[in-house]
Structure formats: C-alpha cells, structure tokens
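Working notes, structure below.
The values are calculated or read from the model by the stated rules, or taken from the named source; none is laboratory data. All figures in this text were calculated on a predicted structure; none of them were measured in a lab. Positions of Cβ are backbone-derived with ideal geometry, glycine not excepted, and every protein chain shown enters the neighbour counts.
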Amino acid sequence: MSHHLVEMQDVHYTYPDGAKALRGVSFRLTHGETVGIIGGNGAGKSTLLLHLNGCLMPTSGAVRVDNFPVSTATLTHVRKTVGMVFQNPDDQLFMPTVEEDVAFGPRNMGLPSDEVNARVDAALETVGALAFKHRASHRLSGGEKRTVAIATVLSMSPDILVLDEPTAGLDPRARRHLIELLKTLEHTLIIATHDLDFVLDVCDRTLVIHEGCIAADDATEAIFKNVELLDQNNLEPPLSMQRKNSPTIF
C-alpha cells in the first residue's frame, strides 16, 4: 500500500455551464488520517469529493489514489479503494431490504455468495446495524439509513471512506452514534461538512476551501482557533468553542 494514499495536484474543474468550481487545489493525505473539509456554501467541497473516486474528472491537474492516477482506465481500482457515502442516503439505498442494499456492491464485484453474505454481516455488525438486516430500507429512520449507507460502502472493503455532510438531518442521538462509529474505524476518513463541532470531535486535520481554492490546511484545533481565518472564509468557530470562550454571567 502506498504511504500517500490521496493526492490532488493543481486540480481545476469547470462545470459545463462555465462555473469554475475548483481553482488549483493541491493537497496530500496519508494513510490513517481523518480530515475535515470545511467552507461556506458553494465553496467547492462536494465537487472536490466527487473527484476522489472518479465521479468527476479534473478539467486540468491530477488526482492520485493509492499511487494510481484517477482516470477512466483506473476507475475499477479507485472505486475499490475509495468508498463514497453521499449526502442523501436514499441515493445509496434502493433495494427492497437492508441485506440486499449492503450486498449490492460485493455481488457486482462477482464475489461468491458465501463471501457476499460474510461481508454483509461483517459490515452491518461494524456499524451496529445487524438487527436491521431483514428490514425494508425505505422504512428506516434518517439515522438508521445513514448507518446502513456506511455499511454498503464498508462491504466493499475500501481503504478510504469519503463522507459528504454525514450529520445532515440527524437528531442528536444519531449524530453521537455516528461520531462514536467513525472513531472506531481504521480507514482514512475524508469528511466534508458544515457541522464544525463534528469536525472538532472527529478530524485531526482540516482543510478550508474558499471559492474553489484551499485557503488553509492545518491541525483542526489550530484552524478553529484562527478566528480571522474563519471570518475571511464565511465560517465561525464551533459552538462548543464559542461557549468555552464566552464569559460566565452570574
């Protein structure tokens, strides 16, 4: 396994309507890192994520995963290495039951039935959702759907998990469960989110993206202590840090 698992080199991306979404993005992530990607609305977070498993290809520049360039020729390898959990779990849950949803990826890899069944059980057990195995996916709660969506990716045995707005729509209990789950995983994690307290809880490193450019790349706590940087990028410190720094009124 390559030591440098994910790398972007001067990546630019322009949508067909002419909108410039990424403007010279460069960074390198190493094995086992947990990295948050933050920025205001329209900063380019989701566009960046979609380049990591080849859903989008750069207009110019290069993306490398596990020392392979991301291209149409390497998509099979890249998508085995990078598991993408989309913002809306309904985009990933389309089979009648949870079991069938989690089995979909391994089955399409051509794995034998015994291996598929073992992967389904292992993935659901990892996320604490084995009890959901025979339930209808569309009848799950928002938090349960999010958990099962992660299981559909884990069943593919990726090295890297990419999550887009993973706490969107979650109640506090489901959010806490997700934080606890992600902290148990040994994968490289790349998480784009507006939930800055979530980033503070989960991510050791944070990239700030602004108007398609990397505005900062540092340890998460250092990023959130830099109030001037946050203000320049339409962000505020996490609520937990704001409360900590507020004067006590008696």
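Kindly provide the set of residues from the range 137-148 that are of a type in the set (S, T, N, Q) and surrounded by fewer than 13 Cβ atoms within 10 Å (Cβ to Cβ), ordered by number. Lay out the reasoning, then the answer.
Residues of the range 137-148 of a type in the set (S, T, N, Q): 137, 141, 147.
Listed by number, the list holds a single entry, Ser141.
Just to be sure before I move on: is Arg23 under 15 Å from Val70 (Cα atoms) and assigned to a strand (DSSP E or B) in the structure I sent? Steps first, please.
Working: under 15 Å from Val70 (Cα atoms): no; assigned to a strand (DSSP E or B): yes.
No; evaluated as a whole, the condition is false for this residue.
I'd like to know if the range 75-89 contains one or more residues that are more than 30 Å from Pro237 (Cα to Cα) and touching a Lys or Arg at 6+ places or on another chain (Cβ under 9 Å).
No, the conditions are met nowhere in the range 75-89.
Taking into account only those residues within the range 85-117 that are touching a Pro at 6+ places or on another chain (Cβ under 9 Å) and either buried (at least 19 other Cβ atoms within 10 Å of the Cβ) or hydrophobic (A, V, I, L, M, F, W, C) (or both), which is farthest from Leu163 (Cα to Cα)?
Among those residues, the one meeting the criterion is Val116.
Among the residues of the range 40-86, which ones are small (Gly, Ala, Ser) and over 24 Å from Gly18 (Cα atoms)? Before you say what the answer is, go through the steps one by one.
Start the filter on the range 40-86 by keeping residues that are small (Gly, Ala, Ser), which leaves 40, 42-44, 46, 54, 60-62, 71, 73, 83.
The answer is Ala73, Gly83.
Take the residues of the range 123-136 that are part of a helix (DSSP H, G or I) and of a type in the set (Gly, Ala, Ser): which is surrounded by the most Cβ atoms within 10 Å (Cβ to Cβ)?
Our first condition is that a residue be part of a helix (DSSP H, G or I); within the range 123-136, this holds for 123-126, 130-132.
Those still in the list that are of a type in the set (Gly, Ala, Ser) too: 123, 131.
Numbers: Ala123: 24, Ala131: 10.
That would be Ala123.
Checking the structure you have, find out if any residue of the range 67-82 is on the phi > 0 side of the Ramachandran plot and crowded, with 21+ Cβ neighbours inside 10 Å.
Going residue by residue through the range 67-82, those that are on the phi > 0 side of the Ramachandran plot are 67.
Checking which are crowded, with 21+ Cβ neighbours inside 10 Å leaves us with none.
No; the residues of the range 67-82 include none that is on the phi > 0 side of the Ramachandran plot and crowded, with 21+ Cβ neighbours inside 10 Å.
Please enumerate the residues belonging to the range 184-194 that are surrounded by fewer than 23 Cβ atoms within 10 Å (Cβ to Cβ) and touching an Asp or Glu at 6+ places or on another chain (Cβ under 8 Å).
His187, Thr188, Leu189, Thr193, His194
With respect to Gly110, is the statement that it is modelled with pLDDT under 95, at positive phi and not β-branched (Val, Ile, Thr) true?
On the way: modelled with pLDDT under 95: yes; at positive phi: yes; not β-branched (Val, Ile, Thr): yes.
It is true that Gly110 is modelled with pLDDT under 95, at positive phi and not β-branched (Val, Ile, Thr).
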